[in-house]
Amino acid sequence: MSVRARSCDTSHRSCQSHKSPWNGFTRFMSRLPSGSEDNICDNDNNDKNIKSIRRSVTGSMANGNEKEGHVLVLYTGGTIGMMRNEQGVLVPLANAFVKNLRKYPQLHDREYAEKRFGAMGPLVLPVTATDSRRVVYNVLEYSNLCDSSNMTMDEWIRIANDIKESYERFDGFVVLHGTDTLSYTASALSFMLEALGKTVILTGSQVPIFDARSDGLENFLASLVIAANYNIPEVCVFFGTNLLRGNRTSKASATSFEAFQSPNFSSLATANIKIEVDYCLIFRPCSMEKFYVHASLNRNVGLLRLFPSITSDLVKVFLQPPIEGVVLQSYGTGNVPTNRDDIIEELYAATKRGVIIVNITQCSTGCVSDAYEAGKLLQKAGVISGFDMTPEAALTKLAYVLSKDWDTETKRQMMQTNLRGELTAGRPLAIQDWDLVEAVARSLRLSSTVELQELGSILFPAMLNAAVMRRDVMKLESLRGYGADISQANADGRTALHIACCEGDMKVVQRLLKMGANVHIKDRFDRTPLTDAIEYDHHEIIRVLLQCGAHLHGDAVLISERMCAAATVGNTKRLQSYLLAGADLSQKNFSGRTPLHFAALHDRMETTEFLLENGADPHCVDMLGETAADLAETMRAAGAARLLAPFKQNGVCND
Ligand code: ASP
């Protein structure tokens, strides 16, 4: 079976067709100067937009103590951003959202933002008492703000592609979306965003955010804070006080502020005074792959809900080509009438033709099973179990699975496999999984669930790190069996993968990655596992991390400072590490100097050679207008001067 997606065993722009990821955006409203707010809808402006994001993400230098989390907000429409027109009717108003956000002190710390990024830079949240990173966010407004009842698969693909375009430049993503079809979009995205390593949160509101009494403000703020501060590599829905797994949600109320329910799966996090994440529940992709988007869906899918006296003619017509996949909503635990051979025959005929029929329950909670004869009949007719999937998840999963290049049997299997935490098929988490923590808890006379969880969050990172230090892969496995989250951080925000990348044992690193360890987590010093692998020059590990989607992050000028320091002492191996990780060897430091300037200045011949061979720009001039060759000459660095002589000419600034 050639299948790329694997699961952990523990578990708008306009509503038009999609052309290019950037096509149809208004632009980064939070970046352009006022007065230049015309729509940017054509492909020619893609580069402009991307450069605009880069500038706004980097900004001027932070003082180094201020930690920031960068979030991209995709504003697709929905009630949350709507305003009342003269008739008092709610309508989306183009180009108004960001302007209004800037006026709200809870949503924008103007003083900090202007000092750091200038007047029309990105938006910045005020510091929160409980979360460590400042949230810096850009808003990408879709040019045709969409009531979500108008959403189609084209918009899902568009959102997925937009996340792909900016994936490496942001720590997390918030999608502002109408509530009506939000669960469909969240479910679809959960499948389309493959090997996701960052947090994507969909939210909206029942009342517009700028109304005096609105749920929008809380929903938006909490989503931003979670996306910037917590590593929850899933597509989630935030509403009320709960962060839910997106593909487990359904809209449950047209009026309540708690509009979404997750009937068969607990909240991933709750936002009360503190944001409390239940890390044991996080679904972590275990494939050693880089993030990518599966940007096609099969539209020949449908939802068929049984009801008493349904005619076999209706079932027959429904199952006719071009239909390729059907979610059948049966009664209770998956039952169909036992006295309706006519319906069973139609279902059987369709599955024989290759139509995939997935059985889920009409009840809002629970799972289908073959406990009754009524359920067994479906199995015999070739209908497969959808376990406890929501209708939204089952339908979008069908559209995803059917668009894959797999044979029919593989597609049927994948529908019954837990791909993104959307279904519960195996053994539920048993209480014994907590044995280890419980034993310690008993001796400390702790008993409540909260105490147990807190103890787990203290013990597990320490035990995981000890296992990494001992290179004990078996121990890592057994700790996960006990319920440890493989990406749980210690007090310094460091995970087992950080330690393993310093230690340099490839087997341990690979094991951790296969167990779902996340490559994007930043510790208290803003270091990712990739930073550690670079600074310990573990080249093979750098390669594996990149293969799993890791990338350099942070200010390019600071990265240059580190490369310049390496060039100064002739540490060519370190420069190799940076090169492998994707750094630009010609990147200037604060003085406009490149690593080549320093290699020349200190007459590091081997390093100079390496830099020249690997494309470092010898014509680059520093702030004083000097090239590397000029410096070598001034310093009488004979070896470097000889190597650089062929390039001795007027320098060109390569900004
Ligand atoms: N009709 C709106 C929509 O789904 C409702 C909402 O945003 O809550 O776009």
Least to most buried among Ile282, Ile344, by other C-beta atoms within 10 Å and fewest first, runs Ile344, Ile282
In order through region 137-146: 3J(HN,Hα) via Karplus (6.51 cos²θ - 1.76 cosθ + 1.60), integer Hz, x for Gly, Pro = 9, 10, 10, 10, 8, 6, 6, 10, 4, 10
By count of other Cβ within 10 Å, fewest leading, how are Phe590, Phe173, Phe283 ordered?
-> Phe590, Phe283, Phe173
Can you spot the aspartates and glutamates whose alpha carbon is less than 15 Å from Lys274's alpha carbon? Ignore those fewer than 8 places along the same chain.
-> Asp131, Glu218, Glu454
How much length is gained if the chain between Lys103 and Thr365 is pulled fully straight, taking 0.36 nm per residue apart and subtracting their Cα-Cα distance, in nm to one decimal?
-> 90.1 nm
Under a point-charge model restricted to the Cβ atoms of Lys and Arg (+1) and Asp and Glu (-1), what is the dipole moment magnitude of region 138-290 relative to its Cα centre, in debye to the nearest 20?
-> 320 debye
For region 189-330, with +1 on Lys and Arg beta carbons and -1 on Asp and Glu, the positive-most of Gln261, Thr249, Pro321 along the dipole = Pro321
Length-normalised contact order for region 329-370 - Cα pairs under 8 Å, 6+ apart - percent = 62 percent
Over all pairs of different Cα atoms in region 535-655, the reciprocal of the mean inverse distance gives a Kirkwood radius in Å of 14.2 Å
Amide H contacts of Arg134 (H built 1.01 Å from N, under 5 Å, at least 5 apart or other chain) = Lys67, Glu68, Gly69
Among beta bridges assigned by DSSP with both residues in the chain, the antiparallel ones amount in percent, to the nearest 5, to 40 percent
Specify the inter-centroid distance of region 291-319 and region 247-282, based on alpha-carbon positions, in whole Å.
-> 28 Å
Sequence-distant residues sharing a close amide H with Val174 (under 5 Å, placed H) | Leu72, Val73, Leu74, Ile201
Order by protection proxy (mean Cβ within 10 Å, highest first), peptides 304-311, 559-566, 347-354, 263-270 | 559-566, 263-270, 347-354, 304-311
Expressed as a whole percent, how much of the Cα-Cα distance distribution for the chain exceeds 43 Å?
-> 30 percent
To the nearest 20 debye, what is the magnitude of the charge dipole of the chain about its Cα centre, counting +1 on the Cβ of each Lys and Arg and -1 on the Cβ of each Asp and Glu?
-> 220 debye
Phi angles of region 77-94, converted by Karplus (6.51 cos²θ - 1.76 cosθ + 1.60, θ = phi - 60°) into ³J(HN,Hα) in whole Hz with x for Gly and Pro, give x, x, 4, 3, x, 6, 10, 8, 7, 4, 7, x, 8, 6, 9, x, 10, 5
Dipole of the chain (Lys/Arg Cβ +1, Asp/Glu Cβ -1, origin at the Cα centre): which of Gly582, Ala113, Ala222 lies farthest to the positive side?
-> Gly582
If the limit is 28 Å between Cα atoms, which of Lys514/Lys588; Lys404/Lys475; Lys290/Lys404; Lys67/Lys290; Lys164/Lys411; Lys103/Lys164 go over it?
-> Lys514/Lys588; Lys404/Lys475; Lys103/Lys164
Give me Thr627, Thr408 ranked fewest to most by other Cβ atoms within 10 Å of their Cβ, as a rough exposure proxy.
-> Thr408, Thr627
Relative contact order of region 195-235: what whole-number percent is it, with Cα pairs under 8 angstrom and at least 6 residues apart?
-> 52 percent
Read phi for every residue in region 412-419 and hand back ³J(HN,Hα) as whole Hz from Karplus 6.51 cos²θ - 1.76 cosθ + 1.60, θ = phi - 60°, with x for Gly and Pro.
-> 4, 5, 5, 4, 9, 9, 6, 8
Taking H placed 1.01 Å from N in the peptide plane, check which residues at least 5 places from Ala269 or on another chain put their amide H under 5 Å from its amide H.
-> Leu243, Asp278
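Each reported figure results from applying straightforward, stated rules to the coordinates on display, with no laboratory input. Not measured: the values here are computed from a predicted model. Because the Cβ atoms are built from the backbone with ideal geometry, glycine has one as well, and the counts that use them run over all protein chains shown.
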